[in-house]
Every structure is written in structure tokens, then in C-alpha cells.
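Trainee: Let me begin by handing over the structure; questions about it come next.
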Number of protein chains: 2
Amino acid sequence: MNKKHNFSAGPCILPQDVFEKSAQAILDFNGIGLSLLEISHRSKDFVAVMDEARAIVKRLMNLNDDYEVLYLGGGASLQFVMVPFNLMKSENGKAAYLDTGVWAAGAIKEAKKFGSVDVVGSSKEDNYSYVPKDYTVGSEYDYFHCTSNNTIYGTQMKSFPKVDTLMVCDMSSDIFSRELDFSQFDLIYAGAQKNMGPAGVTLVVVKKEILGKSGRDIPSILDYSQHIAKESMYNTPPVFPVYASLLTLQHLENNGGIAAAEARNQAKAKLLYEEIDRNPLFETFCKKEDRSLMNVSFRLLDESKKEAFDNAWKAAGISGLNGHRSIGGYRASLYNALPLESVQVLVDVMKNF
Amino acid sequence: MNKKHNFSAGPCILPQDVFEKSAQAILDFNGIGLSLLEISHRSKDFVAVMDEARAIVKRLMNLNDDYEVLYLGGGASLQFVMVPFNLMKSENGKAAYLDTGVWAAGAIKEAKKFGSVDVVGSSKEDNYSYVPKDYTVGSEYDYFHCTSNNTIYGTQMKSFPKVDTLMVCDMSSDIFSRELDFSQFDLIYAGAQKNMGPAGVTLVVVKKEILGKSGRDIPSILDYSQHIAKESMYNTPPVFPVYASLLTLQHLENNGGIAAAEARNQAKAKLLYEEIDRNPLFETFCKKEDRSLMNVSFRLLDESKKEAFDNAWKAAGISGLNGHRSIGGYRASLYNALPLESVQVLVDVMKNF
């Protein structure tokens with residue numbers, strides 16, 4: 001069976017060799033006569049996986065040893081809780097959050113259980129169709145939290161504010177997709193299941209010096225310092241997702257790193273946005289200046305054509321194009337592993353429609 | 001290369017067909033032309049996996065609809081935190097814990113961050129060489145917590161006390177290994193990476209009526225009720241570990257269920273313990289009456305023979321026999337998927353030594 005053109009919003013397409021190598025590792029890992037799934041996480045073969053998975057992130061992000069890299073279970077949603085537990089002061093704790101979509105709002109909701117939260121900018125009243133830019137964040141806050149890319153609405157922060165406190169960013173849906181000065185962040189987290197692997201593991205990159213200052217008695221499993229002390233093996237890590245993430249990042253490094261991925265992502269996004277802008281049948285949900293390179297959310301101006309359009313893209317072997325259930329329409333996710341050819345197939349369907 | 005005899009304490013051996021079917025699903029899942037790793041967790045193919053993975057647990061445990069089954073990320077260590085968050089009262093909360101090993105002690109340490117904890121029984125002073133039995137638990141406690149099997153020392157609870165409060169059990173290392181009246185428990189949790197799958201997912205079985213009574217403002221991702229309301233899809237689940245767990249439980253169900261697994265486990269344990277008792281070179285760490293069917297921890301009486309014994313079992317193709325670093329010696333883990341033949345190979349090595 002031919003591979004489909006997979007525009008799924010996540011879990012999403014990964015490089016084909018990640019599928020092949022990870023399947024092989026399940027049958028026999030490193031030629032040791034055992035499956036990756038049945039070896040101890042403290043065996044030398046898996047410790048080498050974890051060590052390299054942590055090291056490659058620092059190389060790709062060009063970060064120094066002020067930062068530590070962790071692979072944790074529980075999803076990015078658990079980070080909505082771990083961030084305030086570790087960073088919001090127990091006495092008069094106060095954090096600033098930017099509200100750019102339902103995931104940002106989810107992070108805000110959880111942080112409020114730990115202290116005072118100021119939403120310094122929000123586009124909620126405009127259906128999250130843009131990224132607020134007119135705000136400042138002073139030193140009265142324990143940290144500032146933002147979401148770099150908003151999958152549902154197809155918006156993305158093109159630049160990050162200078163803030164007078166710690167800078168925390170949820171990069172779940174655009175990590176490793178574009179060059180950034182990653183040292184402007186004090187804590188970055190990302191669920192793996194977009195650009196860096198399958199579901200089941202979450203990346204945390206944290207500047208060590210910011211930890212241990214919240215004054216809270218943090219449960220051990222939620223304490224970044226405990227995970228750092230145990231080199232991301234405080235408890236049994238999600239072995240397979242970590243290994244598949246390493247394979248994904250090795251593929252990225254072997255194909256020109258983030259710079260080359262960004263160039264490919266720019267080309268894919270340009271191709272699709274140009275067709276949407278040219279074609280009178282379609283429009284995006286969001287403002288042009290905030291358009292995401294990762295998720296192109298768009299809709300038909302004439303909803304009566306929906307069935308015909310759906311039949312057309314499905315007939316072309318396209319999968320995963322339906323928009324999020326909260327806003328409908330379509331969402332073409334152009335994650336790192338999606339080839340330009342798949343975007344061309346979609347654009348051809350739109351042109352011929 | 002021949003398969004090794006894998007006595008690893010966890011992650012551990014799984015049925016061979018779990019390796020084969022899960023590797024195939026990574027290349028092409030259900031013949032849909034996509035990898036299991038690249039499909040949405042909300043696609044009908046994966047929703048069917050999650051639904052069946054939840055249903056099969058209830059069938060195997062013979063539990064009715066008073067119970068809900070969840071597959072969560074974060075490991076059993078996260079349950080050390082979720083249990084008190086959900087069950088220990090915010091006002092004058094008080095729980096009873098049984099201290100039977102380092103994992104039980106870990107659960108106790110975390111619970112103390114939420115309220116008052118009484119250790120109603122402990123064998124710590126005797127190096128956890130037995131399971132305390134002489135205690136009662138009254139209704140003044142919000143719940144009682146125990147650990148059914150202690151991998152490091154090779155002890156196992158052969159029966160469970162009648163308590164006058166909620167009964168919570170960490171069954172990480174012996175779940176699905178023996179028949180039990182599972183309805184005597186109000187909450188059971190287990191990291192998957194022993195008898196029910198690869199690392200990266202944790203099973204929670206909970207009686208619905210016990211939830212929502214702690215009076216705490218629980219972070220959403222740590223709230224069992226939220227996970228139940230979303231049918232174990234509150235956030236993106238660890239897709240691959242859940243699928244491999246389902247395959248493992250299907251293998252169990254197709255091979256006689258828990259009763260047949262227990263008979264196989266009894267035969268394996270009998271073979272090995274009889275050799276240890278017969279052979280003057282070896283002894284177990286723990287009292288006979290509390291010996292585990294899952295983990296046979298033993299040592300050489302004469303430590304000077306260690307190198308020779310290590311060479312002997314390694315030459316026989318045995319792997320994962322070293323004891324936990326905290327007590328040394330040897331640990332033969334006899335989880336469900338370990339064949340009797342592997343135990344026979346080990347026993348032959350011991351006989352000939």
C-alpha cells in the first residue's frame with residue numbers, strides 16, 4: 001500500500017527511517033539478542049540512548065552547560081503543573097501568561113491553582129486569530145509563560161518579548177522547526193509528538209540556576225532538580241518513545257540540522273499559503289503576520305462545497321486534514337517530516353477544485 | 001542470534017508475538033498505510049485500541065462497572081503523588097501505609113507532603129526480609145496503601161488485610177500474575193513494564209465512588225476524575241506503550257487468562273526455590289512464607305565463588321540476573337512471559353556449579 005500524505009496535527013508524520021529503525025530495535029536492539037522493550041533502562045545500551053538523546057538536544061539548540069535536558073513522562077499537560085510547582089514562589093507567587101489559544105489557556109488554568117496569574121495579553125475575544133504583542137512583563141513576576149505555536153488556529157510567535165523575569169515557553173508544536181536563540185529561554189518544554197518523536201515523552205530544557213527557589217515542598221516526581229540529579233532516570237523512563245525521539249533528532253542532525261529544516265518548512269508553507277491567498281475558495285483563520293509555518297488552518301468560504309472538497313483530497317491520498325473540532329475547517333500540519341511533495345499534492349487538489 | 005534467557009527485573013521479557021506485532025504496527029498499522037506512531041490518538045483506529053485496552057483489564061480482573069480503567073503517563077512514581085492528591089483529605093488528612101521496601105518507602109515519603117502518614121507496619125529494620133502482618137487499619141484513615149510485591153527483596157503479600165478504609169495497592173511488579181479478588185481494592189496502580197507491557201504507561205484501576213471527596217483543588221492532569229471523564233484521553237496518551245500493553249494483555253487472555261498464568265508462575269517459582277533450598281551454595285534473602293512468585297532474590301553463601309558463578313550463567317545465555325544495586329546478589333525475575341525453559345537453564349547452571 002502506498003504511503004498516504006499525512007497532514008495529521010499530532011501525533012504526526014516522522015521520518016520513514018525512524019519507523020524502520022525503531023521497528024527493528026523492537027525485534028533485536030543493537031544486535032544484542034533482546035528487544036529494546038525488554039532490556040533494563042539501566043543497561044549500558046539504554047543508558048547510551050538516554051545520554052545521546054540529552055546531548056543531541058544541546059548540540060541542535062547550541063546551548064551550553066548552564067542548561068540541562070530531561071525526557072519526562074506525563075505529557076506537556078504535566079508541565080502546566082510542574083512549571084508553577086518549580087518556579088512560582090510559595091509566598092505571594094505571581095506569574096505572567098500570554099493567552100494565545102486553548103493550550104495556553106490550559107496552562108493558565110493550572111497555574112492559578114498555585115498562585116496569582118496575570119494574563120498580560122490575550123486574543124481570546126478574537127478567536128485567537130492573532131498573537132498579542134503589546135505588553136510588557138516586569139520583575140514583579142516569578143516568570144513569564146508563552147506558547148510559541150498554536151496548532152488549532154495556525155498562529156506562531158515570530159519573535160519573543162524581552163521580559164524582566166524568567167522566560168518559559170511551551171514549544172510543543174514547533175520545536176526544532178526554525179532557528180532561534182534558545183538561550184533567551186530559561187525553560188522550554190515540548191511534548192515529543194510533533195517534530196521530535198512519537199507520543200509518550202516530553203522534552204524539558206531548563207537553566208539549572210533557576211531551580212530550587214520556589215520555597216515549595218515539591219513532590220519528587222514533579223521536581224526538575226530530582227530528575228537532573230538522576231540524569232533523567234529518576235524513575236523508569238518511557239524507553240521506546242525516548243529511543244524513537246533520539247532517532248528523529250539524529251535524522252534532523254544528519255539532514256542539515258535546524259537551519260535546513262527551517263528552509264524546507266519555509267518552502268512548504270510558502271507553497272500552501274500562496275495557493276490559499278490566490279484561490280478565492282479558501283481563506284486562513286488568522287492574521288497574515290502571525291501565520292504559522294507548522295499548521296496552516298484554513299476554511300472554505302462556501303461551506304456547501306465541503307463534501308466535494310473532502311472527496312477530492314481523500315481521493316488524492318491525503319490524510320489528517322480536518323481542522324480541530326473546536327473551529328472546524330481544515331488544518332494542514334507541515335511538520336519537519338512532511339515532504340514538499342505532499343504539500344504539492346494538496347495544492348494541486350486546491351487548484352483543480 | 002539466539003534469544004537470551006532474560007531474567008531482567010523490569011523493563012522485562014514480554015511475549016515474542018508482542019514484539020512482532022508491535023514492530024509491524026510501526027511499519028504499517030492495521031493495513032491503513034500509516035505507522036502507529038504517526039496517527040492521531042483521536043483516529044478511530046487508536047480509539048479502538050484504547051477502548052479495548054481498558055475493557056480487557058476489567059474482563060481479566062472480573063470487575064464490574066463500579067470501576068474505571070485508565071492508562072496514564074508518568075510512571076508509578078507519579079501515582080505516589082496522585083493517590084494522596086485525590087484521596088487524602090485536605091483538612092486533617094491522614095493515611096496508613098505499609099512499609100515493605102524502597103518503593104513503599106518512596107510512596108510514604110511523597111504522601112507525607114500532603115498530610116499525616118502512619119506507617120502501620122515496617123520490616124525496614126530487618127532489611128525488608130518479610131512482609132509485616134500484625135497490624136490493623138481503622139476508619140480514622142483516609143486510605144491504606146500497600147505494595148503487593150517487592151522486587152528487590154523478593155517478597156510478596158500472600159493475602160491482603162481487611163481494613164476499615166479505602167484499600168490502595170501498588171501492583172507494579174506482580175499485576176496479572178495470580179488470581180485475586182480484585183474487588184477488595186478501591187484503587188490499583190501498576191507501571192506497565194513488568195507483566196503488562198513496555199515502559200512508558202501506568203495502569204490505574206479505580207472505583208469511581210471514592211473520587212471527588214478530598215476537598216483539594218487538584219491539578220487537572222493529576223485528577224483521576226478528569227481522566228475518567230475523557231475516557232483516558234485527557235491528554236495525548238503514550239500511544240505505542242498503550243498499544244503494546246493491549247497486545248500483552250491479549251496474549252494473556254488468549255493463553256488461559258490469569259489462572260493459567262498463575263499456574264505457570266507457580267511451576268517456575270517452585271523449580272527455582274527447590275533448587276535454592278537443596279543447593280548448599282545458595283540462600284534467599286527473605287523469609288520462606290513471604291517468597292515472591294515474581295522475583296527470586298538470592299545470594300551465594302560464599303562470595304568468593306561469585307566470578308565463577310557469573311561466568312557460568314552468562315555462558316548459558318542468561319541475562320539480567322544481577323541483584324538490585326542496593327542489596328547485591330542475584331535476582332531471577334520470573335514474570336509472566338518468562339518460559340519455564342529459561343528457569344530450567346538457570347537451575348541446571350546452579351546444579352552443575
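The values are calculated or read from the model by the stated rules, or taken from the named source; none is laboratory data. For clarity, every value in this text was computed on a predicted model and none was experimentally measured. All Cβ positions, glycine included, derive from the backbone under ideal geometry; neighbour counts span all protein chains shown. When the accessible area is computed, the model is the full protein with side chains, heavy atoms only, and any ligands, DNA or RNA have been set aside. Shrake-Rupley method; radii C 1.70, N 1.55, O 1.52, S 1.80 Å.
Trainee: If you check B:ARG42, B:ARG54, which single one turns out to be basic (Lys, Arg) and over 14 Å from B:MET196 (Cβ atoms)?
Mentor: Checking each option against the conditions leaves just B:ARG42.
Trainee: Ok, one more. In this structure, does A:VAL242 turn out to be within 14 Å of chain B (Cβ to nearest Cβ) and of a type in the set (Val, Ile, Thr)?
Mentor: Yes, satisfied.
Trainee: Would you please name the residue that is nearest to B:ASP164 (Cα to Cα), looking only at residues in segment B:64-95 that are assigned to a helix (DSSP H, G or I), within 14 Å of another protein chain (Cβ to nearest Cβ) and aliphatic (A, V, I, L, M)?
Mentor: Step by step, filter segment B:64-95, then rank; the result is B:VAL83.
Trainee: Taking A:ASN352, is it closer than 20 Å to A:HIS5 by Cα, polar (S, T, N, Q) and open to solvent by 70 Å² or more (accessible area, probe 1.4 Å)?
Mentor: Criteria met by A:ASN352.
Trainee: Separate question: From the list B:ILE152, B:ILE175, which one is assigned to a loop (DSSP other than H, G, I, E, B), touching a Gly at 6+ places or on another chain (Cβ under 7 Å) and open to solvent by less than 10 Å² (accessible area, probe 1.4 Å)?
Mentor: B:ILE152
Trainee: Working carefully through the options A:TYR273, A:TYR234, find the one that is among the aromatic types (Phe, Trp, Tyr) and within 14 Å of another protein chain (Cβ to nearest Cβ).
Mentor: Criteria check complete, one pass: A:TYR234.
Trainee: Can you tell which of B:ALA192, B:ALA111, B:ALA199, B:ALA104 is more than 14 Å from every other protein chain (Cβ to nearest Cβ), closer than 23 Å to B:LEU78 by Cα, in contact with a strand residue (DSSP E or B) (Cβ under 8 Å, 6 or more places away or on another chain) and open to solvent by less than 20 Å² (accessible area, probe 1.4 Å)?
Mentor: Result of the check over B:ALA192, B:ALA111, B:ALA199, B:ALA104: B:ALA104.
Trainee: Exactly one of these conditions fails for A:ARG42: (1) within 14 Å of chain B (Cβ to nearest Cβ); (2) part of a helix (DSSP H, G or I). Give me its number.
Mentor: All conditions pass for A:ARG42, except number (2).
Trainee: Of all the residues that make up segment A:7-65, how many are within 24 Å of the chain's Cα centre (by Cα) and not aliphatic (A, V, I, L, M)?
Mentor: 20
Trainee: Just give me the residues in segment B:296-321 being modelled with pLDDT of 95 or more and loosely packed, with under 13 Cβ neighbours inside 10 Å, in sequence order.
Mentor: Matches in segment B:296-321: B:LEU301, B:ASP302, B:SER304, B:GLU307, B:ALA308, B:ASN311, B:ALA315.
Trainee: A further question on this structure: Scan segment B:226-246 for residues that are of a type in the set (A, V, I, L, M, F, W, C) and buried (at least 24 other Cβ atoms within 10 Å of the Cβ) and report the count.
Mentor: 5
Trainee: Where residues in segment A:50-62 are open to solvent by 20 Å² or more (accessible area, probe 1.4 Å), in contact with a helix residue (DSSP H, G or I) (Cβ under 9 Å, 6 or more places away or on another chain) and not basic (Lys, Arg), which of them is farthest from the other protein chains (Cβ to nearest Cβ)?
Mentor: Filtering segment A:50-62 for residues that are open to solvent by 20 Å² or more (accessible area, probe 1.4 Å), in contact with a helix residue (DSSP H, G or I) (Cβ under 9 Å, 6 or more places away or on another chain) and not basic (Lys, Arg), the one farthest from the other protein chains (Cβ to nearest Cβ) comes out as A:ASN62.
Trainee: Could you list, in sequence order, the residues of segment A:215-225 that are open to solvent by 10 Å² or more (accessible area, probe 1.4 Å) and more than 10 Å from chain B (Cβ to nearest Cβ)?
Mentor: Within segment A:215-225, A:GLY215, A:ASP223, A:SER225 qualify.
Trainee: Any chance segment A:94-103 includes a residue that's at positive phi and of a type in the set (Gly, Ala, Ser)?
Mentor: Among the residues of segment A:94-103, at least one is at positive phi and of a type in the set (Gly, Ala, Ser), which makes the answer yes.
Trainee: Can you tell me which condition A:GLU283 does not meet? The list is (1) surrounded by fewer than 19 Cβ atoms within 10 Å (Cβ to Cβ); (2) assigned by TED's automatic domain parsing to the domain that holds A:PHE144, and all the others hold.
Mentor: Here A:GLU283 clears every test but (2).
Trainee: List the pairs whose first member sits in segment B:89-105 and is in the same structural domain as B:HIS145 (by TED's automatic domain parsing), whose second member is open to solvent by 40 Å² or more (accessible area, probe 1.4 Å) and not in a loop (DSSP other than H, G, I, E, B), and whose Cβ atoms are under 6 Å apart, counting only residues at least 6 apart or on separate chains?
Mentor: Hits for this filter: B:LYS94/B:SER116; B:ALA96/B:ASP118; B:TYR97/B:VAL119; B:ASP99/B:VAL119; B:ASP99/B:SER122; B:ASP99/B:LYS124.
Trainee: So is B:SER292 under 18 Å from the mean Cα position of the chain (by Cα), modelled with pLDDT of 95 or more and of a type in the set (Ser, Thr, Tyr) or not?
Mentor: So B:SER292 fits the description; yes.
Trainee: Mind checking which residues of segment B:264-280 are open to solvent by 50 Å² or more (accessible area, probe 1.4 Å) and more than 18 Å from the chain's Cα centre (by Cα)?
Mentor: Within segment B:264-280, B:LYS270, B:GLU274, B:ASP277, B:ARG278, B:PRO280 meet the criteria.
Trainee: Working only within segment B:120-146, note down all residues that are open to solvent by 80 Å² or more (accessible area, probe 1.4 Å) and among the aromatic types (Phe, Trp, Tyr).
Mentor: The answer is none; no residue qualifies.
Trainee: Go through segment A:10-33 and give me each residue that's touching a residue at least 40 places away in the same chain (Cβ under 8 Å), within 7 Å of chain B (Cβ to nearest Cβ) and open to solvent by 10 Å² or more (accessible area, probe 1.4 Å).
Mentor: Scanning segment A:10-33 gives a single hit, A:ILE13.
Trainee: Here's another thing I want to ask about it. Within segment B:83-94, is even one residue open to solvent by less than 20 Å² (accessible area, probe 1.4 Å), among the acidic types (Asp, Glu) and at pLDDT 95 or above?
Mentor: No, every residue in segment B:83-94 fails to be open to solvent by less than 20 Å² (accessible area, probe 1.4 Å), among the acidic types (Asp, Glu) and at pLDDT 95 or above.
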